[in-house]
Amino acid sequence: MLGSDADEEYSKYLPGRIAEGIALAEKNLVPARLGWATGSDPNNVFCRRFLMKPGTAKTNRFGGTANDRAQMNPGHLNPNAIERTGPADTEVSVLSIETRDGRPLALLANYSTHYAGAPAVSADYFGVFCGRITELVQAEGLAPPMVAMLSNGTSGDANCNDFLHPRRRYDRFTVGEDVARAAFAAYETIRYYDWVPLVMEEKRLVLGVRMPTAQEVTEAGEVLAGIEDRKPQSLEQIYARETILLSEMPPSRELKLQAIRVGRLGIAAMPNEVFGSTGLEIKQKSPLEPTFSIELANGYDGYIPPPEQHALGGYTTWRARSSLLEVAAEPKIKAAVLALLDEVARRRSDEALVPSEGPAPGR
């Protein structure tokens with residue numbers, strides 16, 4: 001995406017590995033109990049997008065915007081940065097699954113910071129988290145091993161940098177440790193259930209694509225003339241290439257949206273990079289308590305800035321394969337996800353939920 005192409009070898013390799021994982025999971029099925037809880041890590045997630053003084057935000061000739069007022073990553077203590085354009089979600093959500101006698105089977109967590117930064121081939125702080133939470137819940141060396149997972153929450157406009165203050169030192173190890181500690185604190189409060197309703201609903205939503213004009217395509221071709229098969233290097237070349245690629249794509253995209261109910265817990269799944277304000281609104285309006293969202297789920301259909309954020313311009317709105325959907329995409333996706341959450345909340349009663357009599361939390 002955005003100046004690069006798919007790794008065809010990996011694209012062919014991945015489906016078989018997914019199938020192997022499903023077969024292995026089926027082989028390891030045992031009676032289980034599960035529970036959920038929420039914690040918080042406010043130290044590693046901040047809105048990275050800022051309203052700038054007029055005339056100071058970065059611009060992009062082929063971004064499809066004009067007179068940009070917003071800028072991503074403006075730098076620490078930048079005098080031209082007026083304020084953050086939105087909130088960040090600091091919650092750490094945890095879903096824990098274990099055997100009836102208390103042996104950990106799996107743990108899914110959710111946190112809404114983008115990434116911490118790592119070498120070219122790395123699982124970033126997500127991988128560090130999985131290793132540390134396995135240690136914290138004393139699940140090392142189990143056979144079969146516990147499966148630990150950390151999903152990306154709504155981090156489309158968030159990262160680890162607090163640009164309102166001087167630069168601080170962090171890396172994937174410190175961030176992974178902090179999130180694991182927050183998840184473990186929540187884990188120790190979990191009440192487990194031997195039975196809960198499991199419900200999933202899915203919707204396919206067709207949305208328009210912001211297509212470039214014929215004039216923009218012509219100008220993009222002129223910028224790219226002469227670079228032949230070389231990858232684009234400058235911002236102008238990258239977005240000129242994106243302009244041509246978009247012009248060759250269909251004018252609409254079909255998105256897969258999901259809502260999952262696990263007892264009283266709600267999970268929303270969207271194939272987008274979602275702003276913190278969107279995720280917080282979904283949590284606030286969901287009929288299930290708690291609720292969290294997994295972004296970049298079941299595909300990739302780019303950033304979905306709320307319409308008022310589109311009006312400010314900036315990187316996450318610049319037209320490309322990484323931000324291509326219609327301006328009204330965010331409210332349409334949000335409404336569809338909330339409708340799905342309403343549906344799964346109605347499908348089965350949780351009045352019969354009775355806490356398990358197995359080992360107590362924090363054992």
Contact order normalised by length for the chain, with contacts defined as Cα pairs under 8 Å and 6 or more residues apart; what percent is it?
22 percent
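Quick one: order THR316, THR134 by neighbouring beta-carbon count within 10 Å, fewest to most. Each step should come with its number before you reach the end.
On the way: THR316 23, THR134 20.
So the ranking, lowest neighbour count to highest, is THR134, THR316.
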Just order 143-151, 301-309 by mean Cβ neighbour count inside 10 Å, highest at the front, would you?
301-309, 143-151
Points 7 angstrom from Cα along the Cβ direction at ALA23 and ILE82: gap in nanometres?
5.9 nm
Sorting ALA19, THR59, SER4 by the position of each Cα along the dipole of region 1-100 (Lys, Arg +1; Asp, Glu -1; all at Cβ), the one nearest the positive end of that ordering is THR59
Computed over all unlike Cα pairs, the Kirkwood hydrodynamic radius of region 167-213 in Å stands at 16.3 Å
Geometric extent, Cα atoms of region 250-363 - Rg, Dmax (angstrom)
16.9, 55
Could you tell me the relative contact order of region 264-335? Use alpha-carbon pairs under 8 Å, at least six residues apart, and round to a whole percent.
33 percent
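Kindly flag which residue pairs out of LYS58/LYS334; LYS285/LYS334; LYS256/LYS283; LYS283/LYS334; LYS53/LYS334 have an alpha-carbon separation exceeding 22 Å in this structure. Intermediate values should be presented prior to the final figure.
Details: LYS58/LYS334 29 Å; LYS285/LYS334 10 Å; LYS256/LYS283 20 Å; LYS283/LYS334 11 Å; LYS53/LYS334 30 Å.
Going by Cα-Cα distance, LYS58/LYS334; LYS53/LYS334 fall outside the 22 Å limit.
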Charges on Cβ only, +1 for Lys and Arg, -1 for Asp and Glu, centred on the Cα centroid of region 212-363; of LEU235, GLY263, GLN284, which one is farthest towards the dipole's positive end?
GLY263
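No lab work stands behind these numbers, since they all come straight from the coordinates. Everything numeric here is computed off the predicted structure, so don't read it as measured data. Glycine gets a Cβ as well: all are built from the backbone with ideal geometry, and neighbour counts include every protein chain shown.
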